[in-house]
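Undergrad: Pasting a structure here, questions to come.
The values are calculated or read from the model by the stated rules, or taken from the named source; none is laboratory data. Note that the structure is a prediction, hence the values are computed from the model and not measured. For neighbour counting, all protein chains shown are included, and Cβ atoms are generated from backbone atoms with ideal geometry for every residue, glycine included. Accessible surface areas use protein heavy atoms only, side chains included; no ligands, DNA or RNA. Shrake-Rupley method; radii C 1.70, N 1.55, O 1.52, S 1.80 Å.
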Amino acid sequence: MKTLLVLEDEPSIMKLLRHTLRDYRLIEAATAEEALLLFIDHDYHVDLLVADLTVPQKSGVQVALHFRSKIPDLPVILTSGYAVSDWSGRDSADLRRLGEVSVAILQKPFSGHKLLDLICDLTGWPQVWTARTA
C-alpha cells in the first residue's frame, strides 16, 4: 500500500482528503513542523506528498523542498486556493527550485475524483477510486 503524507491545516478539507484517500496509508499533518517530524518518524518513507501551500510555519512548497532533499524523485501535489500568479515571491521562487518533474498544482476547491485522477497521472499508479468516492 502506498504511503501519502497529507499536509492540510483546514479540518474540513482534511476530512475530505481522508475520505477520498482511504485506499492509501495516510500520514496526516496540520503544520509544516508536524509534517517534517512525521517524515523523520517514518524513516523518510513517503510515496507522495500532498501539501497545502499555506500552512502554519512554512509553506507547503518549502516542505516539499525538504522532502525532495531526502527523496529526489518524490511526487508532489501542491494544493492552493490561490492561482500560482498570486503566490508570494518566495513561494514562486521555491516552486521553480522544486522543478516541474513529478509536481502538480491542484486549485481549490477540487473534487475527490480530480485528486485521484491527478495522483494516477502524476505517479502512474493504478487508479484506486471506487464508485463511492465523492
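Undergrad: Residues being in a helix (DSSP H, G or I), surrounded by fewer than 19 Cβ atoms within 10 Å (Cβ to Cβ) and free of Cβ contacts under 8 Å to residues at least 60 places away in the same chain: count how many of those fall in the range 1-33.
TA: Looking only at the range 1-33, we keep the residues that are in a helix (DSSP H, G or I), and these are 11-20, 32-33.
When the remaining residues are screened for being surrounded by fewer than 19 Cβ atoms within 10 Å (Cβ to Cβ), the result is 11-16, 18-19, 33.
Filter once more, keeping what is free of Cβ contacts under 8 Å to residues at least 60 places away in the same chain: 11-12, 14-15, 18, 33.
Count: 6.
Undergrad: Considering the range 79-117 alone, what residues qualify as being aliphatic (A, V, I, L, M) and not in a helix (DSSP H, G or I)? Give the steps one after another, and end with the answer.
TA: So the first thing to find is which residues in the range 79-117 are aliphatic (A, V, I, L, M), and the list is 83-84, 93, 95, 98, 101, 103-106, 115-116.
83, 101, 103, 104, 105, 106, listed by residue number.
Undergrad: Oh, and also: Which members of the range 34-64 meet the condition of being over 19 Å from residue 13 (Cβ atoms) and of a type in the set (Asp, Glu)?
TA: Filtering the range 34-64 for residues over 19 Å from residue 13 (Cβ atoms) gives 36-37, 39-47, 62.
Matches in the range 34-64: 41, 43, 47.
Undergrad: Evaluate the range 39-53: report whether one residue or more is open to solvent by 10 Å² or more (accessible area, probe 1.4 Å), in a loop (DSSP other than H, G, I, E, B), closer than 21 Å to residue 109 by Cα and touching a residue at least 12 places away in the same chain (Cβ under 8 Å).
TA: No, every residue in the range 39-53 fails to be open to solvent by 10 Å² or more (accessible area, probe 1.4 Å), in a loop (DSSP other than H, G, I, E, B), closer than 21 Å to residue 109 by Cα and touching a residue at least 12 places away in the same chain (Cβ under 8 Å).
Undergrad: I've got another one for you. Taking residue 69 as the residue in question, decide whether it is in a helix (DSSP H, G or I) and at pLDDT below 95.
TA: In short, no.
Undergrad: Kindly indicate which of 106, 98, 116 is farther than 22 Å from residue 21 by Cα, open to solvent by less than 40 Å² (accessible area, probe 1.4 Å) and out of contact with any Cys (no Cβ under 9 Å at 6 or more places or on another chain). Outline the logic, then answer.
TA: Numbers: 106 fails: farther than 22 Å from residue 21 by Cα; 116 fails: farther than 22 Å from residue 21 by Cα.
None of the others qualify; the one that does is 98.
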